[in-house]
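The values are calculated or read from the model by the stated rules, or taken from the named source; none is laboratory data. These numbers come from a predicted model, not from an experiment. So basically every Cβ, Gly included, is an ideal-geometry build from the backbone, and we count neighbours across all protein chains shown.
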Amino acid sequence: MNAQLESKRHPLAGKRMTGAEMMIQVLAQEGVDTVFGYTGGAILPTYDAIFRYNVEHEARRSEQIQLIVPANEQGAGFMAAGYARASGKVGVFIVTSGPGATNSVTPIRDSMADSVPVVLISGQVARGAIGTDAFQEAPVFNLMSSCAKHVFLVEEPEDLEITVRTAFEIAKSGRPGPVVIDVPKDVQNWEGKFKGEGIYRFRGYENRMKSLAQARLSSQECADFYELLQKCERPLICAGGGVISGDAAGQLREFARTHRIPVVTTLMGIGSVDTTEDLSLHMLGMHGMAYANYAVMDCDFLITIGARFDDRVAGKVQEFAPRARYFAHIDIDAAEIGKVKSVTWSHVGSAKEALISLMQEGKGFQKDFSKWLAHVDKLKKEHVRNYDRESNKIQPQDVLECMNEITKGEAIVCTGVGQHQMWAAQYLDFKHPRSLLTSGSMGTMGFGLPAAIGAQVAFPDRLVIDVDGDGSMRMNLGELETATTYNLPIKVLVLNNRGDGMVRQWQKLYFGKRFSGSDKSLRQKDFVKTAEADGFGFAERLSDKANLKETLKRFAGFDGPAFLEVMADPEACVYPMVGPGMGYNEMITGDFIAGRTPEQNIDRESGPSDSF
Amino acid sequence: MANGSSNNQSTRTLSILVENRFGVLSRIAGLFSARGYNIESLTVAGSADPELSRITMVVRCEALLAQQILKQVDKIPEAVEVLDLTEANCVERELILVRVRAPEGKRTTLLTEAEIFRARVVTATPENYVFEVTGDSGKVEAFLDVVRPYGIDEMVRTGKVALHRNLMTKMSGVGQPVSSTAR
């Protein structure tokens, strides 16, 4: 926070301007190049200030603040989140009061749950009208304080400028998250002197952030870690989203390679290691790779970095990693240590710094894990992902496998939520961090399309694909038009299985095949016509398996926004599956993936190194 | 009562020092209500530092869960110091005002019994006494047991406040300081 104090005087310091103008100045100061948002009554002064700011900077286009207007505020929120997830920068969205703000609750909660730094500026009715049930009034502070990392209601106009600056600081620092600034309309219209500097000093928070930033593993702590690593025979790293948001993927890869330790990742951690690398075991959890989950069952030391043993990962917690004698846990959030799983060794602090220290202190460490690696390799071969390759119907996994041949792990992939999301995680490769953007914790359907728009805005030249389902696509369908309006060349791939496939899958397994509310086979929606109507130059439907590769090639290579609907087999199910609240030993692998028998699972209870 | 309650839950005394800013109390209370825990008592007032307020809370929940919620509280920017005082070496007080029926003929015995608890009569009518009692929860409850047979018309309690006897950092093995970033 001190950097702000040291920076030189702002050229506009001392100038009189409106609150709205001050906010835009602070955004510019924070390096914001794009805001997403929808205007309305209580935020008009701020939208006017953006307009005037951009007119003033007509000659210097690179300094302008690009405005992307969605169809719905929820779209703006997910665009900002997609922008932030892809780039690591703070995403910004600006909405009006009342419905504008309530439509933003979902992306704010989603960003909180996945630790994504976004700042929302919401207009509020004038201070005198707050609490009177005024037109377009909503209790934003109350709503958002249970959803966001922090909320400010700006009561004193003099505080507006520093509030906006502080919001960025809080969004970025520690475990990142969304911050909401609720700005009454009269505060936006107020005129005063711009200071060009200043930030709130929360003494507790500031001290905590300082100690987090300074937290380093001591030599003794590193030695303790290596003692555990020395004692174990079957170490496994579990990498989560914290490795990606903590910018520690490079260190993690190096650490894993140095000591030859295999890595499983959570859904949020995909991309922290290159999935094509031999040490990568891909995703663990409810729909993790069978071999990843078996490795979790077999490991005797689980090293968790930036992950939090979420219920979709841990399943039945008491049975999670049952043969692990030691657990290590590195996280930036002290509240995550011991929350679900008690651990042998832990460190609160930056994953990057922790890995750097471990590597420095572990230079002399030697231990041969080749037996374990051979076992893991065998698991990878024997329990490889698979599906019904003989079916006449297009299998969604096949579509993604073919897509993977084109993207080769280099694309940014966004998803909705459901079966297609899990297949995308399983069947696509990711060579880089920040390349799978998905609503992991909240599981918000409709995330994919706006997130892809945000990611494409952040990286205009990269291939951005939204892998979506028909259900998720319907949720924010209005944003198709946003993609064409701004000529964002996103590729929208809808795997249409005529319903909510994941819900169907659960209904098949646990609700006697009563497809209540999830069957959409009688719906009349023509997605291709919709995309055409919204200006997509490429809008096709694929129903013939024979044309799959050729169509995908044209689709991915299309110069401009492209839309492809693939009529996929509605009966396809996501496997493996560890049922909700079950242990990994109850994992079902379906008809096409080889599973272990319960006996095979139990057999490995014996001594540390004998069976490998 | 809270839906998260079970038999092995004890009451816990939590002490939270916060910056005196808009909405901080509702955020902290929200962390408990979001998990289905009822706050049994809550006291908020100024502290030695004019910019900070001290929140003392009594919550019925397990120690581990209280610890987890306190860690979440500790992430709120306004939070300065977060302590679980349940097992700490501290002094606790609560103040109650209670209006007890005091008809002719019973007044003398009532006053004698009140004396045992150093309860003060703050006002009286021909039918009632209003007592003020200060003490820890045990004393307050014992007093209420004694006057209950006379008939309690109405009562208000401040809720518990607690202060540990030493600086938390100097204590060893007692209390559970989640964090202490206060200067």
Let me confirm something: among B:GLU154, B:GLU92, B:GLU87, which residue is farther than 24 Å from A:ALA335 by Cβ, in contact with a strand residue (DSSP E or B) (Cβ under 8 Å, 6 or more places away or on another chain) and modelled with pLDDT under 95?
B:GLU92
The condition of being among the aliphatic types (A, V, I, L, M), within 23 Å of A:ARG260 (Cβ to Cβ) and in the same structural domain as A:ALA248 (by TED's automatic domain parsing) holds, among A:ALA354, A:ALA334, only for A:ALA354
Can you tell which of B:LEU52, B:LEU111 is closer than 22 Å to B:ASN166 by Cβ, surrounded by fewer than 20 Cβ atoms within 10 Å (Cβ to Cβ) and out of contact with any His (no Cβ under 9 Å at 6 or more places or on another chain)?
B:LEU52
Please verify whether segment A:391-398 includes one or more residues that are on the phi > 0 side of the Ramachandran plot and in a loop (DSSP other than H, G, I, E, B).
no
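Conditions tested, residue by residue: (1) in contact with a Gly (Cβ under 7 Å, 6 or more places away or on another chain); (2) under 23 Å from A:GLN505 (Cβ atoms).
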position: A:ASN547; (1), (2): no, no
position: A:GLU550; (1), (2): no, no
position: A:ARG554; (1), (2): no, no
position: A:GLY557; (1), (2): no, no
position: A:GLY560; (1), (2): yes, no
position: A:CYS573; (1), (2): yes, yes
position: A:MET582; (1), (2): yes, yes
position: A:ASN585; (1), (2): no, yes
For residues in segment A:149-162 being within 11 Å of chain B (Cβ to nearest Cβ) and surrounded by fewer than 22 Cβ atoms within 10 Å (Cβ to Cβ), which is nearest to A:THR96 (Cα to Cα)?
A:GLU155
I'd like to verify a number: residues in segment A:127-145 that are assigned to a helix (DSSP H, G or I) and closer than 20 Å to A:LEU160 by Cβ, how many?
7
Per-region count, segment A:478-506, residues free of Cβ contacts under 8 Å to residues at least 24 places away in the same chain and in a strand (DSSP E or B):
0
If you go through segment B:78-116, how many residues are of a type in the set (Asp, Glu) and touching a residue at least 60 places away in the same chain (Cβ under 8 Å)?
6
Number of positions in segment A:294-353 that are more than 19 Å from A:ASN601 (Cβ to Cβ) and not aromatic (Phe, Trp, Tyr):
34
Only one residue in A:PHE36, A:PHE51, A:PHE93 is among the aromatic types (Phe, Trp, Tyr) and in a helix (DSSP H, G or I), so which one is that?
A:PHE51
Residue match in segment A:202-216 (condition: of a type in the set (S, T, N, Q), more than 11 Å from every other protein chain (Cβ to nearest Cβ) and under 23 Å from B:LYS75 (Cα atoms)):
yes
Where residues in segment A:323-368 are over 17 Å from A:GLY174 (Cβ atoms) and of a type in the set (Gly, Ala, Ser), which of them is farthest from the other protein chains (Cβ to nearest Cβ)?
A:GLY364
Does A:LYS363 qualify as being basic (Lys, Arg), surrounded by fewer than 17 Cβ atoms within 10 Å (Cβ to Cβ), part of a loop (DSSP other than H, G, I, E, B) and out of contact with any Lys or Arg (no Cβ under 8 Å at 6 or more places or on another chain)?
yes
Can you tell me which residues in segment A:307-351 are among the charged types (D, E, K, R), buried (at least 20 other Cβ atoms within 10 Å of the Cβ) and not in a loop (DSSP other than H, G, I, E, B)?
A:ASP331, A:GLU336
Given the conditions (1) free of Cβ contacts under 8 Å to residues at least 40 places away in the same chain; (2) closer than 25 Å to A:LEU284 by Cα; (3) buried (at least 18 other Cβ atoms within 10 Å of the Cβ), every one holds for A:MET587 apart from (1)
Evaluate segment A:208-221: report whether one residue or more is in contact with a Pro (Cβ under 9 Å, 6 or more places away or on another chain), more than 30 Å from A:LYS8 (Cβ to Cβ), at pLDDT 95 or above and of a type in the set (D, E, K, R).
no
What are the pairs, 6+ residues apart or on separate chains, where a residue within segment A:412-441 that is under 22 Å from A:GLY88 (Cα atoms) has its Cβ under 9 Å from a residue that is modelled with pLDDT under 95 and part of a loop (DSSP other than H, G, I, E, B)?
A:GLY440/A:ASP310; A:SER441/A:ASP310
Report, by residue number, each residue of segment A:513-536 that is in a loop (DSSP other than H, G, I, E, B), under 25 Å from A:PRO561 (Cα atoms) and either in contact with a Pro (Cβ under 6 Å, 6 or more places away or on another chain) or of a type in the set (Phe, Trp, Tyr) (or both).
A:PHE536
If you scan segment A:231-242, which residues turn out to be within 22 Å of A:ASP300 (Cβ to Cβ) and of a type outside the set (Lys, Arg)?
A:CYS232, A:GLU233, A:PRO235, A:LEU236, A:ILE237, A:CYS238, A:ALA239, A:GLY240
Return the total of residues in segment A:121-147 being within 14 Å of chain B (Cβ to nearest Cβ) and of a type in the set (D, E, K, R).
1
Residues that are within 28 Å of B:VAL82 (Cα to Cα) and in contact with a Lys or Arg (Cβ under 8 Å, 6 or more places away or on another chain), drawn from segment B:126-161
B:THR134, B:GLY135, B:ASP136, B:SER137, B:VAL140, B:LYS160, B:VAL161
Top-ranked residue in segment B:53-80 [being assigned to a strand (DSSP E or B) and hydrophobic (A, V, I, L, M, F, W, C); ranked as farthest from the other protein chains (Cβ to nearest Cβ)]
B:VAL58
Residue ID - surrounded by the fewest Cβ atoms within 10 Å (Cβ to Cβ), chosen from residues in segment A:173-196 that are more than 10 Å from every other protein chain (Cβ to nearest Cβ), touching a Ser or Thr at 6+ places or on another chain (Cβ under 7 Å) and charged (D, E, K, R):
A:GLU191
